[in-house]
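Colleague: Structure below; questions to follow.
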Amino acid sequence: MIIKDFTSLPGFNAIRDASNVAAMVFKNRSDRRQALTVIMANRTPLEEQTGADLIYYNETYGAFVLVQYKAME
């Protein structure tokens with residue numbers, strides 16, 4: 001579930017990945033000026049510090065969104 005959300009983003013195309021830091025950069029299909037960076041924090045010290053599994057950085061607004069997953073039966 002986390003990997004799927006890390007590697008795809010509706011309305012955006014992946015343009016670059018940085019496997020050494022587990023990050024992907026996406027550009028909006030309709031407005032190429034909009035960029036979004038997704039960082040995989042799952043099972044890293046970054047997750048221990050923030051509690052987030054994925055961190056989204058919106059370059060247009062300079063805003064971060066931290067997402068924590070909870071799987072339920």
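The values are calculated or read from the model by the stated rules, or taken from the named source; none is laboratory data. Please read these numbers as outputs of a predicted model, since none were measured by experiment. As a convention, Cβ positions derive from the backbone with ideal geometry for all residues, glycine included, and neighbour counts pool all protein chains shown. Calculation scope for accessible area: heavy atoms of the full protein, side chains included, ligands and nucleic acids excluded. Shrake-Rupley method; radii C 1.70, N 1.55, O 1.52, S 1.80 Å.
Colleague: Which value, in Å², gives the accessible area per residue of region 20-67 when a 1.4 Å probe is used on the protein heavy atoms? Don't jump to the answer; show the numbers that get you there.
Modeller: Values: 3030 Å² over 48 residues.
Ligands and nucleic acids excluded, the figure is 63 Å² per residue.
Colleague: Can you give the calculated 222 nm mean residue ellipticity of the chain, where each DSSP H run of n ≥ 4 adds -39,500 (n - 2.57) and the sum is split over every residue, rounded to the nearest 500 deg cm²/dmol? Walk me through the numbers on the way to the answer.
Modeller: On the way: 2 runs with 12 residues, N = 73.
The helix contribution divided over the chain gives -3500 deg cm²/dmol.
Colleague: Same structure again: Just grab the label-to-label distance for TYR61 and THR44, each label 7 Å out from Cα along the Cβ direction, in nm (one decimal).
Modeller: 2.3 nm
Colleague: Shifting gears a bit: Just how much of LYS70 is accessible, in Å², when a 1.4 Å probe is used and the result is rounded to the nearest 10?
Modeller: 150 Å²
Colleague: So how do ILE55, ILE39, ILE15 rank on accessible area, 1.4 Å probe, biggest first, that is with the largest at the start? Intermediate results must be reported in sequence, preceding the final value.
Modeller: Details: ILE55 10, ILE39 45, ILE15 75 Å².
Putting ILE55, ILE39, ILE15 in descending order of accessible area: ILE15, ILE39, ILE55.
Colleague: Could you please state how large a percent of the accessible area of the chain is carbon and sulfur, counting protein chains only and using a 1.4 Å probe?
Modeller: Exposed carbon and sulfur together represent 53 percent of the surface.
Colleague: Take LEU54, LEU46, LEU66, LEU36 and sort them by solvent-accessible surface of the protein heavy atoms, 1.4 Å probe, largest at the top.
Modeller: Working: LEU54 0, LEU46 70, LEU66 90, LEU36 25 Å².
Result of the area sort, largest leading: LEU66, LEU46, LEU36, LEU54.
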